[in-house]
Amino acid sequence: MGDHPAGYGKVFHDARFNWKYSTEPEPELNGRRIYWPRGKVLGGSSAINAMVWVRGHPADYAEWGAAAPGWGWEDVVPVFRRIERWTGGACAHRGGDGPLSVTDMGGAMHPLTRAYVRAAEQAGIPTNTDYNGAAMEGAGFYQISTAGGRRASTAQAYLRAARKLPNLRIVCGAMATRIVMEGRCATGIDYVQRGRAQTARAGEVILCGGAINSPQLLMLSGIGPAAHLRDHGIEVVQDAPHVGRNLMDHLGSDHLFRTRVPSLNQVLRPWWGKALAGMQYVAAQRGPLAMSLNQGGGFIRLAGGDGPPDTQLYFSPLSYSSAPTGKRPLMSPDPFPAVRLGFNPAKPTSRGSVTLRSRDPLAAPVMRGGYLATEHDRRLMIAGTREVRRIASMPALKDVIETELDPGPDCVTDDEILDFARAEAWTVFHQCGTCRMGQDAAASVVGPDLRVHGVAGLRVADASIFPTIPTGNTNAPAVMVGERAFDLITQG
Ligand SMILES: Cc1cc2nc3c(=O)[nH]c(=O)nc-3n(C[C@H](O)[C@H](O)[C@H](O)COP(=O)(O)OP(=O)(O)OC[C@H]3O[C@@H](n4cnc5c(N)ncnc54)[C@H](O)[C@@H]3O)c2cc1C
């Protein structure tokens, strides 16, 4: 299943492993509901994600440190090092013996991914062989969270070893329905397992439901915007106006290019190609099935000036544009040779929200991405498209690209590009920030020690506490929050 990198496509729509959420109609995306998959298994979304491992930029953690002392770049680098078992070799920046294996896939890249990085270089984007090292800027190959060709989820990296501990009990198939509050102190969790309501008592409750469910559970338990809770008949324990607000996400846009040379489509589409790739994977845990579909990319600045990157790039030597809506059949790619060049604004200023649909804990909350609400985000969406085309026009790719299929040569003006984004852009699945961390209790949900402001015995430790969205994918920062939570809890 999801243990194999290629299982990504399988669990993408499978309700057994995935909450399969959707937003409300997004006003700036032609009223489309955007699909938000989230992991419903041990390891959460790290067990169903695309495995790209990115820590983020020092400037991200300068923002975090300003909001919450103790979370600056100098504070978090040792934590990232402690997490990582980096196959590229430990050094001052990278960890070599941590629990979570991060694999350098450089040697295994598809020739078209190599051509992409060369094209980026020709476009003036320097090649960076380790964007998680000394500097993030540049283009290169994505590092992925795998161990011996298998997905390195947080369940694999942490829980597998910890489950033998005498003071740990893992209850599977259970849905937390409410935090038990005695006055203003959290003392346990109510949950339902196989239809039976149960309670677990705790000295301290650590909420790790992710950016959608952590704010939902807080609100169901009386911690949230008072008026909203009263609307749903929930007794207010703590008026916390920021619960569910400040939702941030990366909105991505993909360009499909037909190539003159075979892409990964020609490897994974024929039955014999699948069989060969399968044999390669089984025999040596290598080949296309051991990789993420996002093989290359980079971090660049399009707004001009000297600041940190504002755009993330993606390259995939595989396409599945003819797949029915709602499918990601990685093993049934397009019948023609094609590649995808994508990007997303890395520091969007649009904000979304999570609010309650009802007081029923089994009902999904109301989710809004709020995408493309700001001029900043719309400008970068246009600039990103132009940049992707500029890279595609460089000699290393120009010779192998036959034509742009989507959005295609008729999409030229700013308005046309924006129309394409409104019609086609999609989430990169990086929802975060809905219980944001900050020193100021009036403007945040948890403090720098992850304790929920205004109540006792309750912390939140997941991507919902991100004060600002990192430049890059969100799994590594979420794991870092978990490691920091360990320090904070054990230090008392
Ligand atoms: C399809 C997809 C692809 C992605 N690709 C990448 C990528 O390539 N690289 C990257 O860095 N990031 C990626 N991400 C994002 C990344 O995986 C997440 O940001 C990260 O896993 C968030 O961690 P979290 O702990 O905050 O939440 P989650 O990992 O979502 O964990 C929350 C957990 O809480 C459980 N839960 C929630 N509510 C309840 C309840 N009421 N009772 C019991 N349990 C509950 C959930 O089932 C889940 O196990 C991707 C995400 C998705 C969905």
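Below, the figures for the structure above:
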quantity: Where a residue in region 186-208 is more than 14 Å from Val171 (Cβ to Cβ) and its partner, wherever it lies, is near the ligand (Cβ under 10 Å from one of its atoms) and in a strand (DSSP E or B), with Cβ under 6 Å and at least six apart; calculated: Leu207/Val460
quantity: Residue match in region 182-198 (condition: hydroxyl-bearing (Ser, Thr, Tyr), open to solvent by less than 60 Å² (accessible area, probe 1.4 Å) and more than 15 Å from the ligand (Cβ to nearest atom)); calculated: yes
quantity: Test: residue in region 237-245 that is without any contact (Cβ under 8 Å) to a residue 12 or more places away in the chain and either basic (Lys, Arg) or touching a Cys at 6+ places or on another chain (Cβ under 7 Å) (or both); calculated: no
quantity: Residues (assigned to a strand (DSSP E or B) and open to solvent by 20 Å² or more (accessible area, probe 1.4 Å)) located in region 28-52; calculated: Arg32, Tyr35
quantity: Extreme residue, farthest from the ligand (Cβ to nearest atom), among residues of region 441-461 that are open to solvent by 40 Å² or more (accessible area, probe 1.4 Å) and without any contact (Cβ under 8 Å) to a residue 24 or more places away in the chain; calculated: Ala442
quantity: Close pairs from region 16-35: first free of Cβ contacts under 8 Å to residues at least 60 places away in the same chain, partner open to solvent by less than 50 Å² (accessible area, probe 1.4 Å) and assigned to a helix (DSSP H, G or I), Cβ under 7 Å, at least 6 apart; calculated: Phe17/Val11; Asn18/Val11
quantity: Test result for Arg55, at pLDDT 95 or above, within 16 Å of the ligand (Cβ to nearest atom), assigned to a loop (DSSP other than H, G, I, E, B) and not acidic (Asp, Glu); calculated: yes
quantity: Residue match in region 286-294 (condition: modelled with pLDDT of 95 or more, surrounded by fewer than 21 Cβ atoms within 10 Å (Cβ to Cβ) and either acidic (Asp, Glu) or out of contact with any Cys (no Cβ under 8 Å at 6 or more places or on another chain) (or both)); calculated: no
quantity: Residue among Ala211, Ala226 that alone is closer than 21 Å to Val455 by Cα, within 11 Å of the ligand (Cβ to nearest atom) and either open to solvent by less than 30 Å² (accessible area, probe 1.4 Å) or within 24 Å of the chain's Cα centre (by Cα) (or both); calculated: Ala211
quantity: All positions within region 17-27 that are assigned to a strand (DSSP E or B) and either more than 16 Å from the ligand (Cβ to nearest atom) or aromatic (Phe, Trp, Tyr) (or both); calculated: Tyr21, Glu26
quantity: Number of the condition not met by His93 [criteria: (1) within 16 Å of the ligand (Cβ to nearest atom); (2) assigned to a loop (DSSP other than H, G, I, E, B)]; calculated: (1)
quantity: Residue satisfying all of: in region 145-178; more than 15 Å from the ligand (Cβ to nearest atom) and among the small types (Gly, Ala, Ser); least open to solvent (accessible area, probe 1.4 Å) among these; calculated: Gly149
quantity: Strands (runs of 3 or more DSSP E) contained entirely in region 327-438, each with at least 3 residues that are buried (at least 16 other Cβ atoms within 10 Å of the Cβ); calculated: 338-345, 353-355, 401-406
quantity: Residues of region 249-272 classified as surrounded by fewer than 18 Cβ atoms within 10 Å (Cβ to Cβ) and without any contact (Cβ under 8 Å) to a residue 40 or more places away in the chain, total; calculated: 3
quantity: Region 468-492 residues that are free of Cβ contacts under 8 Å to residues at least 40 places away in the same chain, paired with ones that are surrounded by fewer than 17 Cβ atoms within 10 Å (Cβ to Cβ) (beta carbon under 7 Å, 6 or more apart); calculated: Leu488/Asp449
quantity: Which numbered condition Asp399 fails, given (1) touching a strand residue (DSSP E or B) at 6+ places or on another chain (Cβ under 9 Å); (2) over 19 Å from Asp60 (Cβ atoms); calculated: (1)
quantity: Leading residue by the ranking (surrounded by the fewest Cβ atoms within 10 Å (Cβ to Cβ)) among those in region 462-492 that are away from the ligand (no atom under 11 Å from the Cβ) and in a loop (DSSP other than H, G, I, E, B); calculated: Gly492
quantity: Among (1) small (Gly, Ala, Ser); (2) free of Cβ contacts under 8 Å to residues at least 24 places away in the same chain; (3) more than 16 Å from the ligand (Cβ to nearest atom); (4) open to solvent by 20 Å² or more (accessible area, probe 1.4 Å) - the single one Gly233 does not satisfy; calculated: (2)
quantity: Filter pass, Ala139 being small (Gly, Ala, Ser), at pLDDT below 95 and in contact with a helix residue (DSSP H, G or I) (Cβ under 9 Å, 6 or more places away or on another chain); calculated: no
quantity: Residue selected from region 60-90 under the condition part of a loop (DSSP other than H, G, I, E, B) and free of Cβ contacts under 8 Å to residues at least 24 places away in the same chain, by the criterion least open to solvent (accessible area, probe 1.4 Å); calculated: Gly72
quantity: Among (1) away from the ligand (no atom under 13 Å from the Cβ); (2) more than 21 Å from Trp426 (Cα to Cα) - the single one Asn30 does not satisfy; calculated: (2)
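The values are calculated or read from the model by the stated rules, or taken from the named source; none is laboratory data. All values reported here derive from a predicted model rather than from experimental measurement. Cβ atoms come from the backbone with ideal geometry, glycine included; neighbour counts cover every protein chain shown. These accessible areas exclude ligands, DNA and RNA; they are computed on the full protein's heavy atoms, side chains included. Shrake-Rupley method; radii C 1.70, N 1.55, O 1.52, S 1.80 Å.
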